[in-house]
Every structure is written in structure tokens, then in C-alpha cells.
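A short worksheet on the structure shown next.
The values are calculated or read from the model by the stated rules, or taken from the named source; none is laboratory data. Remember, it's a predicted structure, so these values are computed and weren't measured experimentally. As a convention, Cβ positions derive from the backbone with ideal geometry for all residues, glycine included, and neighbour counts pool all protein chains shown.
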């Protein structure tokens, strides 16, 4: 397996993504072992308390009818849904999961093993009347190679952000995988993370690391 395939990179996250999105991407790269993916043991929500309420952690399973199980979900997401889906199969939590961009993006992060970003319309009727989500998935692998968990951060907005730094509806509002008609993501296409991308690790890390 090529080490290049496991070098930390930004995936398809555009430069004008919300600062909280970039904070998670920076953190994921910060905990990235050389030549391997970080695992669940590397992820410490105490390092990123300002992101935790918006985050979700899925277990990735192989060989069964269900592939994703909700391992953890931030408190604001439970508030949005009206219940806590921890332990549930993600396919049953998300509306119209099969063949949706929700499923596509999870499959992309599993197989490409790098961050996958999306901004677009939500199809879930949330209590906050959110219309737009901005979300990033990052892969985790207990053995350093095979993705067995996916951590996600999602922000919700009443309308499409026209400039970077707009504030979400709530500081903490995780996603239920609801982007049924998302806009095409901008930024670098998913591909091999070349050695020069290690330079990204020299960017200043957010306060709190």
C-alpha cells in the first residue's frame, strides 16, 4: 500500500469553508500518524470542545445488510431529531439514504480515506428550520489503513452562505446526513495526497489544540 495514499490532506474542502470545518480538518491532520490514518484512539473530543456538539461518530461495518451505526452524536443533534439515535443503524436514521449523496459521501470517505466536504440543501425537516448544511467527514482507522469509523462535523444555516465566516443557526447542531440535493463541492478533487501536502501541517492550529 502506497504511503502517499495515507498522507494527510484537505480532500475536497474549499478554502472558503466555514472556520469550524477547517478546525476539524486541521485537528484530523494534527493527530495523523506518519503514513497511517488516525484511529478512534487518537480522537479526543476534549481537544475540540467547541466542535463536539456538532459532531457525529459512525462505526463502519463490513459484510452485513447495514454498514453504518451511530456510535456518538452531539447533544444538539438529538435535540434536532427529538431523540438520541445512538446505537441505531444510520440508514434508518437518515431519510432516503440509499443512492443519495449522503450514502455517496460516506462511501467516498471510506474508499478515498480523506476528508469529504459538502454544502447544500437539507431534506430533513429540522426544528430550527435549517435549509442549508455545511459538513465534512474525516476517516478513522483502528489499524491505520482500513476505515472503521467516520467522524463528521455539520453546521446548519437558514440560507446559503454567501461569504466565509457566517454563523450557523446554532453554535452546536450536528447533522443527520440530510443533504439530499447538495450543491457540488468546490476545491481540490479527491486524489492521492502528494508529499508536498505535508506543508499543510505547518498552518497555525486553532486555539485549544
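Figures for the structure shown
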{"quantity": "Candidate set from the stretch 22-44 (those that are assigned to a loop (DSSP other than H, G, I, E, B) and in contact with a strand residue (DSSP E or B) (Cβ under 7 Å, 6 or more places away or on another chain)); member that is surrounded by the fewest Cβ atoms within 10 Å (Cβ to Cβ)", "calculated": "40"}
{"quantity": "One residue from 47, 16, 10, 59 being within 29 Å of residue 91 (Cβ to Cβ) and modelled with pLDDT of 90 or more", "calculated": "59"}
{"quantity": "Residue among 95, 99 that is more than 15 Å from the chain's Cα centre (by Cα), part of a loop (DSSP other than H, G, I, E, B) and free of Cβ contacts under 8 Å to residues at least 40 places away in the same chain", "calculated": "99"}
{"quantity": "Qualifying position, being touching a strand residue (DSSP E or B) at 6+ places or on another chain (Cβ under 8 Å), modelled with pLDDT under 90 and farther than 21 Å from residue 50 by Cβ, among 93, 124", "calculated": "93"}
{"quantity": "Every residue from the stretch 73-88 that is at pLDDT 90 or above and surrounded by 17 or more Cβ atoms within 10 Å (Cβ to Cβ)", "calculated": "73, 74"}
{"quantity": "Residue 14 more than 27 Å from residue 75 (Cα to Cα), under 15 Å from the mean Cα position of the chain (by Cα) and surrounded by fewer than 21 Cβ atoms within 10 Å (Cβ to Cβ)", "calculated": "yes"}
